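Novice: Let me give you the structure first, and then I'll get to my questions.
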Amino acid sequence: TTRVLTGITTTGTPHLGNYVGAIRPAIAASRQAEVESFLFLADYHALIKCDDPARIERSRMELAATWLAAGLDPERVTFYRQSDIPEIPELTWLLTCVTAKGQMNRAHAYKAAADANTAAGEDTDAGVTMGLYCYPILMAADILMFNAHQVPVGRDQIQHIEMARDVAQRFNHLFGAASGREFFVLPEAVIEEQVAVLPGLDGRKMSKSYDNTIPLFAGGAKALKEAIARIVTDSKLPGEPKDPDSTSLVTLFEAFATPEQATAFRAELVAGLGWGEAKQRLFELIDAEIAPMRARYEALIAQPAELEAILMAGAAKARATAAPLLAELRHAVGLRRMV
Ligand code: TYM
């Protein structure tokens with residue numbers, strides 16, 4: 001069997017980028033025979049970017065309901081909150097002790113903050129917490145704790161998966177070489193090429209940090225329509241030929257369309273389809289896929305006790321997998337109990 005694992009940080013309201021980059025492919029994979037899936041809410045990661053407890057709590061429940069509404073079957077999938085698995089922070093420490101500081105200096109999230117500080121003439125590390133700096137190690141622990149083979153993610157996460165491979169290799173080498181034991185599988189990123197980076201309203205990567213997202217379920221069909229109306233286009237009038245690559249509208253359309261629908265849509269734009277009409281088509285296309293899920297989402301979000309019970313059952317399943325491996329790792333590094 002192949003183990004597939006992915007997580008989403010619980011800092012905001014799930015958007016279309018999360019859906020097409022991670023949720024949709026992970027759920028499709030989880031339905032295949034021979035696949036064992038681990039899907040989780042990355043709430044320890046949320047603490048790195050967010051010090052608003054109410055927002056984290058709300059986001060955790062929204063994300064839990066989103067995964068389930070999108071078709072995750074908690075009987076088939078191990079579905080849990082990262083913070084319910086104490087083995088993960090424990091493994092994080094074991095990995096921290098074999099990770100080179102120089103490698104963390106190169107991690108994108110840290111480098112972006114450091115470069116911005118330098119450009120602004122500030123101290124390089126101004127505002128950088130150790131959480132941000134060591135973020136890739138926590139993520140490596142998420143993946144290695146369950147020995148995942150495949151990690152479906154958007155392109156922005158590739159570097160993190162590569163770092164997880166490096167750490168795994170180093171740990172295997174340091175503690176397994178003598179006994180010929182490979183503790184960790186080397187994980188691979190699985191990227192859906194066509195939607196590896198879904199653009200947002202302004203054409204940049206759709207991201208909470210750019211405030212250019214289109215919500216998946218929040219606010220209902222009305223919010224979806226309003227967000228789509230704000231997608232940036234040029235001011236060409238109906239009847240004028242449009243450049244389909246001049247806006248993120250077509251890329252968004254392609255993320256939900258069949259190849260035939262996408263080709264036809266491009267041709268119509270070149271032939272003069274108005275942007276207003278094009279946006280209406282995009283809305284209808286996306287809504288057709290997500291409206292049934294939205295109804296389930298609204299029912300689930302009103303049942304916090306039920307969500308909680310599903311997550312606690314998932315945590316028990318996850319820990320049953322994590323605990324024996326962690327015991328082996330403790331033994332390997334010299335933390336075995338005497339009696
Ligand atoms: P996060 O929460 O930023 O994003 C969750 C997932 O959504 C994908 N994504 C996108 N994909 C395509 N286009 C976009 N515009 C877009 N925006 C977001 C991300 O690539 C990601 O797959 N560190 C991770 C969470 C995490 C994790 C893990 C993932 C923690 N531990 C272990 C996999 C395995 C993060 O912050 O993703």
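Nothing in this text is a laboratory measurement; each read-out follows from the coordinates by a stated rule. No experiment lies behind these values; they were computed from the predicted model shown. Heads up, the Cβs are rebuilt from the backbone with ideal geometry, glycines too, and the neighbour counts pull from every protein chain shown.
Novice: Percent of alpha carbon pairs in the range 21-180 separated by more than 26 Å?
Specialist: Cα-Cα pairs in the range 21-180 separated by more than 26 Å: 34 percent.
Novice: Could I have the simple spin-label model distance between Ala54 and Thr2, label points 7 Å from Cα toward Cβ, reported in nm to one decimal?
Specialist: Distance between the two pseudo-spin positions: 4.4 nm.
Novice: A further question on this structure: Add +1 for every Lys or Arg and -1 for every Asp or Glu among the other residues with Cβ under 12 Å from the Cβ of Val98, and state the total.
Specialist: So the surrounding residues net to +1.
Novice: Ordered by residue, what ³J(HN,Hα) values in Hz, to whole numbers, does the range 83-91 give under the Karplus form 6.51 cos²θ - 1.76 cosθ + 1.60, where θ = phi - 60° and Gly and Pro are x?
Specialist: 3J(HN,Hα) across the range 83-91, in whole Hz: 6, 8, 10, x, 4, 5, x, 5, 5.
Novice: Specify the residue with the greatest mean-square fluctuation among Pro187, Pro199, Pro292, computed from a Gaussian network of the chain linking alpha-carbon atoms under 10 Å apart.
Specialist: The residue that fluctuates most here is Pro292.
Novice: Packing-wise, with mean Cβ within 10 Å as the measure, how do 250-261, 230-241 rank, highest first?
Specialist: 250-261, 230-241
Novice: Kindly state, to the nearest 0.05, the FRET efficiency for Glu268 paired with Asp73, given R0 = 51 Å and r defined as their beta-carbon distance.
Specialist: Working from the Cβ atoms, E equals 0.85.
Novice: 5 Å is the cut-off here: which amide hydrogens, built 1.01 Å from N in the peptide plane, fall below it relative to His15, excluding neighbours closer than 5 in sequence?
Specialist: Answer set, sorted by chain and number: Leu216.
Novice: Whole-Hz Karplus ³J(HN,Hα) for the range 151-168, in order, using 6.51 cos²θ - 1.76 cosθ + 1.60 and θ = phi - 60°, x for Gly and Pro?
Specialist: 10, x, 8, x, 4, 4, 9, 4, 4, 5, 5, 4, 5, 4, 4, 4, 5, 4
Novice: Enumerate the calculated ³J(HN,Hα) couplings along the range 67-77 in order (Karplus 6.51 cos²θ - 1.76 cosθ + 1.60, θ = phi - 60°), each rounded to whole Hz, writing x wherever the residue is Gly or Pro.
Specialist: 4, 5, 5, 6, x, 4, 9, x, 6, 8, 9
Novice: If the elastic network links every pair of Cα atoms under 10 Å, which of Ala318, Ala22, Ala119 fluctuates the most in the Gaussian network model of the chain?
Specialist: The residue with the greatest mean-square fluctuation here is Ala119.
Novice: Could you check the spin-label model distance between Asp245 and Gln159? Points 7 Å from the Cα along Cα→Cβ, value in nm.
Specialist: 2.6 nm
Novice: Pairs on different chains or at least eight residues apart, Cα atoms closer than 20 Å: how many lysine pairs in the chain fit?
Specialist: Lysine pairs meeting both conditions in the chain amount to 14.
Novice: Where the convex hull is taken over the Cα atoms of the range 133-207, what is its projected area averaged over directions, in nm²?
Specialist: 5.8 nm²
Novice: Extension gain Ala288-Asn105, at 0.36 nm per residue separation less the Cα-Cα distance, in nm?
Specialist: The span from Ala288 to Asn105 would gain 61.5 nm if fully extended.
Novice: Right, something else. For the modelled label position 7 Å from the Cα of Glu308 along Cα-to-Cβ, which residues of the range 56-73 have backbone nitrogen atoms closer than 13 Å?
Specialist: 61
Novice: Which of these, Ala113, Ala178, Ala278, has the largest mean-square fluctuation under a Gaussian network model of the chain (Cα springs below 10 Å)?
Specialist: Looking only at Ala113, Ala178, Ala278, the biggest GNM fluctuation is shown by Ala178.
Novice: List the residues whose amide H sits under 5 Å from the amide H of Thr9, counting only those 5 or more places along or on another chain, with H placed 1.01 Å from N in the peptide plane.
Specialist: Those lying under 5 Å, H to H, from Thr9 are Ala42.
Novice: If the viscosity is 1.306 mPa s and the temperature 10 °C, what translational diffusion coefficient in µm²/s does Stokes-Einstein give for the range 111-259 when Rh comes from Kirkwood over Cα pairs?
Specialist: Numbers: Rh = 19.0 Å.
Stokes-Einstein gives a translational diffusion coefficient of 84 µm²/s.
Novice: Using a 7 Å offset from the Cα along the Cα-to-Cβ direction at both Ala320 and Val190, what is the distance between the two label points in nm, to one decimal?
Specialist: 2.3 nm
Novice: Would you mind checking which residues have amide H under 5 Å from Glu188's amide H? H placed 1.01 Å from N; only 5 or more apart, or other chain.
Specialist: Gln150, Val151
Novice: Where both partners of a DSSP beta bridge lie in the chain, what percent of those bridges are antiparallel, to the nearest 5?
Specialist: For the chain, the DSSP antiparallel bridge percentage is about 10.
Novice: If you don't mind, another one. Can you run the Rg to Rh ratio on the range 282-339? Use alpha carbon positions and the Kirkwood inverse-distance Rh.
Specialist: 1.37
Novice: In Å³ and rounded to a whole number, note down the convex hull volume per residue for the Cα atoms of the range 217-298. Spell out each step's value before the answer.
Specialist: On the way: hull volume 6.4 nm³, N = 82.
Considering the Cα atoms of the range 217-298, their hull volume per residue is 78 Å³.
Novice: Right, something else. Restricted to Cα positions, what overall size does the chain have along the principal axes? Three whole-Å values, descending.
Specialist: Principal axes ranked by extent give 79, 51, 38 Å for the Cα atoms.
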